[in-house]
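The values are calculated or read from the model by the stated rules, or taken from the named source; none is laboratory data. Not measured: the values here are computed from a predicted model. Cβ coordinates were reconstructed from backbone atoms using ideal geometry, including for glycine residues, and neighbour counts include every protein chain displayed.
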Amino acid sequence: MDIIYPGTFDPVTNGHFDIIERSSRLFKKVIVAVAASSGKQPMFSQTERVEMIRESIKPLSGVVVEAFSVLLIDYAKEKGIKNILRSLRVASDFEYELQLALMYRAQDRELETIFLMPNQKYIFLSSSMIREIARLGGDIKAFVPEYVYNEVLKKIGHYRDNVRRDRR
Ligand code: COA
């Protein structure tokens, strides 16, 4: 069975990789699909987000990383895949994920959403928290792979430089 794991991944965290590794043991092919998510105004471009996953991913059979900028149901149709993978960390994820899963189903009744729980050491992780901690000078080393860590620091450097320039 093949599955699509969609997300914004801004940036990808160890929690996302935990889900990717689990899914690679269960499914023949896993497409990690990086959404344009322009509504979220990501810190990293879609190309950068794809690159960070590709650079950090351990060699796992059947896992590929792609970008998409259309409705997820259209992307799934294009790929001929009927399964969507999402992750549930804490009870408060459930409401949003239920809404998303039912919205996918309303648009394509053959589409099934499958949920996996990450290792409990990652349940508090989110990409926005990583961005916030890094922006405020905190240490994110334990939460993201080394490549991502360096990219976030580079980006924050640019961010700080821009803030300094705007203040002048
Ligand atoms: N480890 C770490 N963080 C996790 C996680 C895990 N295992 N599981 C979820 N998260 C976090 C993410 O980091 C993210 O955090 P943030 O909001 O602080 O950035 C949050 O939970 C969920 O975001 P994400 O997984 O990126 O999903 P999303 O809600 O931004 O995106 C899409 C959902 C991309 C799948 C959805 O918007 C979509 O399908 N878009 C395509 C366009 C479309 O079809 N729209 C209509 C949808 S009905």
- Task: Determine whether the range 66-77 contains at least one residue that is under 16 Å from Pro11 (Cβ atoms), out of contact with any strand residue (DSSP E or B) (no Cβ under 9 Å at 6 or more places or on another chain) and assigned to a helix (DSSP H, G or I).
- Result: no
- Just one listed residue, out of Arg54, Arg49, Arg89, is at pLDDT 95 or above, near the ligand (Cβ under 10 Å from one of its atoms) and either under 30 Å from Glu146 (Cβ atoms) or surrounded by fewer than 17 Cβ atoms within 10 Å (Cβ to Cβ) (or both), and it is Arg49
- Within the set of pairs 6+ apart or on separate chains, which have a first residue in the range 54-66 that is farther than 13 Å from Ser23 by Cα, a second that is not in a strand (DSSP E or B), and C-beta atoms under 6 Å apart? Glu55/Tyr147; Ser56/Pro145; Ser56/Tyr147; Ser56/Val148; Val65/Val50; Val65/Ile53; Val65/Arg54
- Message: Can you find, within the range 20-42, the residue that is surrounded by the most Cβ atoms within 10 Å (Cβ to Cβ) among those that are more than 13 Å from the chain's Cα centre (by Cα) and part of a loop (DSSP other than H, G, I, E, B)?
- Response: Phe27
- Task: Go through Leu85, Leu60, Leu98 for me and flag whichever is hydrophobic (A, V, I, L, M, F, W, C), assigned to a helix (DSSP H, G or I) and more than 22 Å from Lys155 (Cβ to Cβ).
- Result: Leu98
- Give just the number: which of (1) surrounded by 12 or more Cβ atoms within 10 Å (Cβ to Cβ); (2) free of Cβ contacts under 8 Å to residues at least 12 places away in the same chain does Asn119 not satisfy? (2)
